[in-house]
1. Asp199 passes all but one of (1) touching a strand residue (DSSP E or B) at 6+ places or on another chain (Cβ under 8 Å); (2) under 21 Å from Thr100 (Cα atoms); (3) of a type outside the set (A, V, I, L, M, F, W, C); which number fails?
2. Looking at Tyr351, Tyr275, which is the one that is touching a residue at least 60 places away in the same chain (Cβ under 8 Å) and either polar (S, T, N, Q) or part of a loop (DSSP other than H, G, I, E, B) (or both)?
3. Is it fair to say Arg344 is in contact (Cβ under 8 Å) with a residue 12 or more places away in the chain, part of a strand (DSSP E or B), surrounded by 15 or more Cβ atoms within 10 Å (Cβ to Cβ) and over 21 Å from the mean Cα position of the chain (by Cα)?
4. Scanning for something free of Cβ contacts under 8 Å to residues at least 60 places away in the same chain, surrounded by 21 or more Cβ atoms within 10 Å (Cβ to Cβ) and touching a helix residue (DSSP H, G or I) at 6+ places or on another chain (Cβ under 7 Å), does region 281-290 turn up at least one residue?
5. Return yes or no: is Tyr235 over 27 Å from Tyr147 (Cβ atoms), surrounded by fewer than 24 Cβ atoms within 10 Å (Cβ to Cβ) and touching a residue at least 24 places away in the same chain (Cβ under 8 Å)?
6. For region 278-299, does any single residue satisfy the condition of being aliphatic (A, V, I, L, M), closer than 24 Å to Ala133 by Cα and not in a strand (DSSP E or B)?
7. Scan (1) closer than 28 Å to Thr100 by Cβ; (2) at pLDDT 95 or above; (3) of a type in the set (A, V, I, L, M) for the single condition Val297 breaks and write down its number.
8. Specify which of the listed residues (Glu112, Glu137, Glu125) is closer than 17 Å to Val43 by Cβ, among the charged types (D, E, K, R) and surrounded by fewer than 21 Cβ atoms within 10 Å (Cβ to Cβ).
Amino acid sequence: MNGKFKILLFAVLGIFFFASCSNDDDNGGGGSSSSNSGSCYIVNQGNWNGNDASLQVYDFTTGYASSPECGSDVFSVANKELLGDVAQDLLWVGNRLFVTVSVSQKLEVLDESGKRIRKHIYAAENACPRYLATDGERVYVTNHDGYVYVYDAASGDSLTRIYSGSYPEGISYVDGSLVVNNSNYGGYGGGVPDVAIIDTDSMKVTKRITQGACNPYSESEVCAGRVYIVDSGNYSDFPSKLCEVDVENGTLTALYDASMVAAYENFVYFANATYNYATYGYDYSPLFRLDVTTGEVSQVILAEKLTDIYSLDINPETGDIFIGYAVYGVLGTMRVYDVEGVQRSLFDVGYYTSGARFRN
């Protein structure tokens, strides 16, 4: 979904959260995934000011996820309290879970059961923690106050912060560098949109890519040592684009119309869900797969299967495709497809799922 309209959508959401215990499947059964290995959490943003964000555990054997209504919201069960408002991202590093909760202005550091180890509150003006990346030893958190916050991956302790730019969003780590999307809040942040390259040894910005940057937003993926982001554009004459970031030379190259991206091995998966002002609805593309070694693009899933798409993630072990769907005022669903686009399972999630997050 287009980044600006995600933000606008939250402003009019209700405040109550009910998750279904029922499981439905287009394949008429349990819909088990191709592998029982690995671990996966489903992150549900919840409703704006609803205090109903939640974490679900995905079961690789059944192909379903735990339901908060059935007492299986991981965070609330482990901590006897609710997670908060708008769970934006989750990063699993070793035996620690890092969860950003944007409207609640906090970072939760949890053990693998979901039990709190640390809680970091951001009190600065415009503070709103967003996305996460890691180099294995440190965890990096973007925040709308302009900084990337740095934490010890093992303990969750705060280490330092780095000024990145105007309204940082998506972030990736590759070969000693952080690649940060400074969105400038879609043109309303009072700054300049750019992609910042931060050296993790010096903890300083070494490059700022402004040419071709309009609204670099949430999506950022590393594939075969390259970084691919989505620039959400200006929602009129500058369309949302999949872009490749050349970290070494400091350039940004637009490739295809796209509003979301995910990576697996040497493949970048991308799709476009763009608001159409003429029809007052969204136009959806198929899900495409780009082989970054050859440049070949192929279609994986038909466009009609992506209606109401809200999140896109890939299981790094199997290549299974996890797609979350959201409709205003209605609980979401998630479908799991294999690498060829054949559906394996469909299950219930909460409101506005941020997507599936896997063990690193």
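The values are calculated or read from the model by the stated rules, or taken from the named source; none is laboratory data. Not measured: the values here are computed from a predicted model. Positions of Cβ are backbone-derived with ideal geometry, glycine not excepted, and every protein chain shown enters the neighbour counts.
1. Among (1) touching a strand residue (DSSP E or B) at 6+ places or on another chain (Cβ under 8 Å); (2) under 21 Å from Thr100 (Cα atoms); (3) of a type outside the set (A, V, I, L, M, F, W, C), Asp199 violates only (2).
2. After applying the criteria, what remains is Tyr351.
3. Yes.
4. yes
5. Answer is no for this residue.
6. Looking for residues that are aliphatic (A, V, I, L, M), closer than 24 Å to Ala133 by Cα and not in a strand (DSSP E or B), one finds at least one in region 278-299, hence yes.
7. (1)
8. The conditions single out Glu112.
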